[in-house]
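K.L.:
The structure that follows is given in the form of structure tokens.
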Amino acid sequence: MSKRIPVIAGNWKMYKSVAETAEFFEKFRPLVGEATHCEIVIAPPFPALAAAVEAARGSRIRVGAQNLHWEKEGAFTGEVSGPMLAAAGCTHVIIGHSERRQYFGETDQTVNRRIGAALEAGLAPIVCVGERLEEREGGRTEAVLIQQFDGGLGGLTPEQFSAILVAYEPVWAIGTGRTATPEIAAEAHRLIRDCAARRFGATAAENLRILYGGSVKPDNIRGLMARPEIDGALVGGASLDPRSMASIVHF
Ligand code: PGA
């Protein structure tokens, strides 16, 4: 059995200014200072990244971005590249979040390109997959997850694959207060790990960390983390409050 170190990551989405970021870290740092049982990642919006890196300096908290472009630089107005994020002090980047798939035309192909760029810049990609409500209700969860896995991750080299994290985020559970039960999440995680085993072999699959995301809160994190299939959480709304995020870190 491999020992997968849990990861608790906060996805702030389009919330928090520079000042609010500094305020968060001032309260959050002392609350998680002693936590060594898991990795902690906070992903603020781009303008607050530098403030977050500064505020996290000297702690075990890592800072991630929420997206990146696949080119290193160029005429791509509004985009930000991997080397820019790495130079700003980021260590992680969320890729393929369902909100990006839904509102910004993200596809498995663009997810794949962004993963390559992140790895080249030395960033750890947190790659999001997950089915929509109508897909689950139509019995297509498995097919959707396989398609997202194969399309987004299937073409990676084994070495690239060993550096990524996957987040299973059922779209119907995001921001809805309707968390997947630990059983539903665990079943999806097993399926994703099976995909990994098929493509990259048993050891690679065993080492892959799969986070659950979708209405994770202080009062449901324990049940989720009790499942051996679940290696951490990608937390949206509940990551905005330092106390609630700290209580999730101390699951
Ligand atoms: P939520 O968001 O925790 O607010 O449901 C999770 C996410 O979108 O990553």
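The values are calculated or read from the model by the stated rules, or taken from the named source; none is laboratory data. All values derive from a computational prediction rather than experimental measurement. For neighbour counting, all protein chains shown are included, and Cβ atoms are generated from backbone atoms with ideal geometry for every residue, glycine included.
K.L.:
Go through region 77-106 and count every residue that is touching a residue at least 24 places away in the same chain (Cβ under 8 Å) and not basic (Lys, Arg).
P.N.:
19
K.L.:
In addition: Scan region 56-67 and give yes if some residue there is touching a residue at least 40 places away in the same chain (Cβ under 8 Å) and out of contact with any helix residue (DSSP H, G or I) (no Cβ under 7 Å at 6 or more places or on another chain), otherwise no.
P.N.:
Yes; the residues of region 56-67 include at least one that is touching a residue at least 40 places away in the same chain (Cβ under 8 Å) and out of contact with any helix residue (DSSP H, G or I) (no Cβ under 7 Å at 6 or more places or on another chain).
K.L.:
If you don't mind, there's one more thing I want to ask. Applying the selection to region 206-226, what residues are over 15 Å from the mean Cα position of the chain (by Cα) and surrounded by 17 or more Cβ atoms within 10 Å (Cβ to Cβ)? Write out each step before concluding.
P.N.:
Filtering region 206-226 down to residues over 15 Å from the mean Cα position of the chain (by Cα) leaves 206-207, 217-226.
PRO218, ASN220, ILE221, LEU224, MET225 - these are the residues of region 206-226 that are over 15 Å from the mean Cα position of the chain (by Cα) and surrounded by 17 or more Cβ atoms within 10 Å (Cβ to Cβ).
K.L.:
While we're looking at this one, here's another question. Among the residues of region 89-99, is there at least one that is assigned to a loop (DSSP other than H, G, I, E, B) and hydrophobic (A, V, I, L, M, F, W, C)? Before you say what the answer is, go through the steps one by one.
P.N.:
Within region 89-99, the subset assigned to a loop (DSSP other than H, G, I, E, B) is 89-91, 96-97.
If we keep only those that are hydrophobic (A, V, I, L, M, F, W, C) too, we end up with 90.
Taking every residue of region 89-99 in turn, at least one turns out to be assigned to a loop (DSSP other than H, G, I, E, B) and hydrophobic (A, V, I, L, M, F, W, C).
K.L.:
Could you list all residues from region 211-228 that are within 14 Å of the ligand (Cβ to nearest atom) and either of a type in the set (A, V, I, L, M) or within 20 Å of ILE164 (Cβ to Cβ) (or both)?
P.N.:
First pass over region 211-228, keeping only residues within 14 Å of the ligand (Cβ to nearest atom): 211-221, 224.
LEU211, TYR212, GLY213, GLY214, VAL216, ILE221, LEU224 - these are the residues of region 211-228 that are within 14 Å of the ligand (Cβ to nearest atom) and either of a type in the set (A, V, I, L, M) or within 20 Å of ILE164 (Cβ to Cβ) (or both).
K.L.:
I've got another one for you. Are any of the residues in region 178-185 closer than 26 Å to ILE61 by Cβ, modelled with pLDDT under 95 and either touching a helix residue (DSSP H, G or I) at 6+ places or on another chain (Cβ under 6 Å) or within 14 Å of the ligand (Cβ to nearest atom) (or both)?
P.N.:
yes
K.L.:
Sticking with this structure for a sec: Kindly check whether there is at least one residue in region 17-28 that is surrounded by 15 or more Cβ atoms within 10 Å (Cβ to Cβ), in contact with a Ser or Thr (Cβ under 8 Å, 6 or more places away or on another chain) and not acidic (Asp, Glu).
P.N.:
No; the residues of region 17-28 include none that is surrounded by 15 or more Cβ atoms within 10 Å (Cβ to Cβ), in contact with a Ser or Thr (Cβ under 8 Å, 6 or more places away or on another chain) and not acidic (Asp, Glu).
K.L.:
Inspect region 78-91 for any residue being out of contact with any His (no Cβ under 8 Å at 6 or more places or on another chain) and under 16 Å from GLY152 (Cβ atoms) and give the result as yes or no.
P.N.:
no
K.L.:
Evaluate region 132-143: report whether one residue or more is in contact (Cβ under 8 Å) with a residue 24 or more places away in the chain and surrounded by 22 or more Cβ atoms within 10 Å (Cβ to Cβ).
P.N.:
no
K.L.:
Follow-up. Have a look at THR203, THR176, THR181 and point out the one that is under 30 Å from GLY122 (Cβ atoms) and surrounded by fewer than 20 Cβ atoms within 10 Å (Cβ to Cβ). So that I can check it myself, show each step before the final result.
P.N.:
Values: THR176 fails: under 30 Å from GLY122 (Cβ atoms); THR181 fails: under 30 Å from GLY122 (Cβ atoms).
On inspection, the qualifying residue turns out to be THR203.
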